[in-house]
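Here the structure comes first, spelled out in C-alpha cells, and everything after it is commentary.
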Amino acid sequence: MIAIYPGSFDPITLGHLDIIERGVQLFERVIVTVLSNPSKHPMFSVEKRLEQIRHCTQHLSNVEVDSFQGLTVEYAKLHNAKVLLRGLRVLSDFEKELQMAHTNKTLRDEIETVFLATTKEYSFLSSSIVKEIAKFGGSVAHLVPENVARDIHQYYS
C-alpha cells in the first residue's frame with residue numbers, strides 16, 4: 001500500500017524524518033509530497049526542499065519525494081494511494097488534523113488518514129520553531145538533519 005506524507009517541510013525537521021522512517025516500516029512505499037501553498041512565504045523554494053528531503057531520506061529505498069500544488073486527495077488519486085500519513089505532536093494538532101481527515105474523506109471516500117504520534121523527544125518540534133530559533137542566531141543542529149542545518153545557517157548568514 002502507498003502512503004502520501006504531505007506537508008510544506010519548510011524546513012524538514014528530525015520530527016518529520018522520524019515519521020517518514022516509521023512510515024516506511026508500515027507501508028510498501030511512502031511518497032513525501034511538498035505541497036506548494038501560494039499563501040505562505042517559505043524560507044526555501046520547493047526545489048530546495050525537495051533536494052533537502054531527498055538527501056536526508058536517501059537511506060530509505062521505499063521513499064519517493066515529489067511536489068504538488070492543489071488538493072492532496074487529488075495527488076493521492078494520481079498515485080493510486082489510499083492513505084495519507086500525518087504526524088501528531090500535541091492536542092491542537094489532533095483537532096486540526098482530524099478536521100482535515102474528515103474533509104478529505106468528503107472529497108474522496110476511499111482515502112484513509114493514518115496518524116502517527118511523534119516520539120516524545122520531538123513532541124515540541126515544528127518548522128516554525130526551527131525558523132524562529134535560527135532567525136535569532138540559535139543553533140538548530142539538534143532539530144534538523146545536518147544538510148538542512150547548513151542550509152538554514154547559509155540562509156541567515
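Please treat every number below as a calculation from the coordinates, not as lab data. These numbers were taken from a predicted model, which means no experiment stands behind them. Neighbour counts run over all protein chains shown; Cβ positions are idealised from the backbone, glycine included.
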Rounding to the nearest 10 and keeping the result within 0 to 90°, find how far the Cα-based axis of helix 146-156 lies from the longest principal axis of the chain.
60 degrees
Whole-angstrom gap from segment 17-45 to segment 59-115, using each part's C-alpha centre:
10 Å
Could you work out the helix-only [θ] at 222 nm for the chain, with each DSSP H run of four or more residues adding -39,500 (n - 2.57) and the total divided by the number of residues, to the nearest 500 deg cm²/dmol?
-13000 deg cm²/dmol
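Report the calculated FRET efficiency for E74 and F124 (r = Cβ-Cβ distance, R0 = 35 Å), to the nearest 0.05.
Details: r = 33 Å, r/R0 = 0.93.
Efficiency, from the Cβ-Cβ distance: 0.60.
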Rg and Dmax in Å for segment 38-80, alpha carbons only: what are they?
12.3, 33
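Using mean Cβ contacts within 10 Å as the protection proxy, how do 2-13, 89-100 order, highest first? If you can, show how the numbers build up before the last one.
On the way: 2-13: 22.6, 89-100: 13.0.
Ranked by mean Cβ neighbours within 10 Å, highest first: 2-13, 89-100.
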Gain on full stretching of the segment that runs from E21 to S36 - 0.36 nm per residue minus C-alpha separation
3.1 nm
Inter-label distance for L107 and N62, nm, one decimal - labels placed 7 Å from Cα along Cα-to-Cβ:
2.6 nm
In units of 2.2 N^0.38 Å, the Cα radius of gyration of the chain is 1.01
Taking the number of other C-beta atoms within 10 Å as the exposure measure, put K77, K135 in order starting with the fewest.
K135, K77
For the chain, find the longest principal axis of its Cα atoms and tell me its angle to the long axis of helix 46-56, 0 to 90°, nearest 10.
90 degrees
